[in-house]
Amino acid sequence: MSEENLRSDSSRSGLLDLDHDSYQKPTKTSYKTFMNRQKKCPTCKGTGKIYQDEENKLVALIPVSDNRLKPKRIWLWILLTFSICIIIVIMLVFWLSPRKIIISAIKSDVHPYNYTFITDKNSSTLGIILEFEELFQIKNENYFSVTMKNLSLQLNRNSHITLPKISYTKDYVLPARANVNFSVLVKYIMYSLNDPYAGLCITGVLNNLFCLISSSFTFSTLWDSSLLQDASKIQYIYCSNRTLSRY
């Protein structure tokens, strides 16, 4: 009988060859007892094969000296795992560490895009309203995005401090490692009654005002929900009606 026939007969009968690597003709499997008596293997009945349904029920005995029981490169795997963990921690610390948010005012000369006179019932001029754009450059040096929650702006002119009305984009999200220009619309009101420079601007005697503009930004970051960042710059605000700019 050929080897192919033997294999097909074994698969049909549900038998498994004990030697999967190389097939040989079935031989009688036996062992010697302490009394030097030949006895058949009780598992395979001397055939050298087992049934498929018994495959998961049998336990193979492996000698302790077998190399398969000895751990291979265990210290190498431990060192590799430890190194990977250290690298991941270092990268997380590098990416998630808080960094600066740099804010600077761009303009030195501010030209209003709208100029309005404030008058009373008798058409007497009481003051002026200057509407202009304040432009800031915001640089986020973090590797995560931040959100601008609030903004306040103050004009200090010869110890005459004013909090003008401002308009800006609420909850502005600044992407990671971004450098953007942020626009703020300012409405600055000057009354002749308490500000002598207002009358000079109205009559056109004075064209610009020397002013310190201070701004305070509040950001929400990964580590701080109310991070304050300030920016100040001395600017010239053109207050005459002849100094209008297109917006």
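Inside the stretch 169-247, counting only strands (runs of 3 or more DSSP E) that do not spill past its ends, which hold 1 or more residues that are closer than 18 Å to Q137 by Cα and in contact with a Pro (Cβ under 6 Å, 6 or more places away or on another chain)?
Qualifying strands (runs of 3 or more DSSP E): 179-191.
Being modelled with pLDDT of 90 or more and open to solvent by less than 10 Å² (accessible area, probe 1.4 Å) is true for just one of F136, F144. Which residue is that?
F136
Residue under question is I90, and the condition is that it be aliphatic (A, V, I, L, M), within 30 Å of L222 (Cα to Cα) and modelled with pLDDT of 65 or more; does it hold?
Answer is yes for this residue.
If you scan the stretch 70-116, which residues turn out to be touching a residue at least 40 places away in the same chain (Cβ under 8 Å), hydrophobic (A, V, I, L, M, F, W, C), over 26 Å from L212 (Cβ atoms) and open to solvent by less than 90 Å² (accessible area, probe 1.4 Å)?
Within the stretch 70-116, just L96 meets the criteria.
Please specify each residue of the stretch 40-69 satisfying the condition of being assigned to a loop (DSSP other than H, G, I, E, B), among the hydrophobic types (A, V, I, L, M, F, W, C) and loosely packed, with under 13 Cβ neighbours inside 10 Å.
Residues satisfying the conditions are L58, V59, A60, L61, I62, V64.
Kindly indicate which of L228, L222, L174, L163 is closer than 20 Å to L96 by Cα and without any contact (Cβ under 8 Å) to a residue 24 or more places away in the chain.
Going through L228, L222, L174, L163 in turn, just one is closer than 20 Å to L96 by Cα and without any contact (Cβ under 8 Å) to a residue 24 or more places away in the chain: L228.
The values are calculated or read from the model by the stated rules, or taken from the named source; none is laboratory data. None of the values given here were measured: they were computed from a predicted structure. Methodologically, a virtual Cβ is constructed for each residue, glycine included, from the backbone with ideal geometry; neighbour enumeration extends over all protein chains shown. With ligands, DNA and RNA removed, areas are computed over all heavy atoms of the protein, side chains included. Shrake-Rupley method; radii C 1.70, N 1.55, O 1.52, S 1.80 Å.
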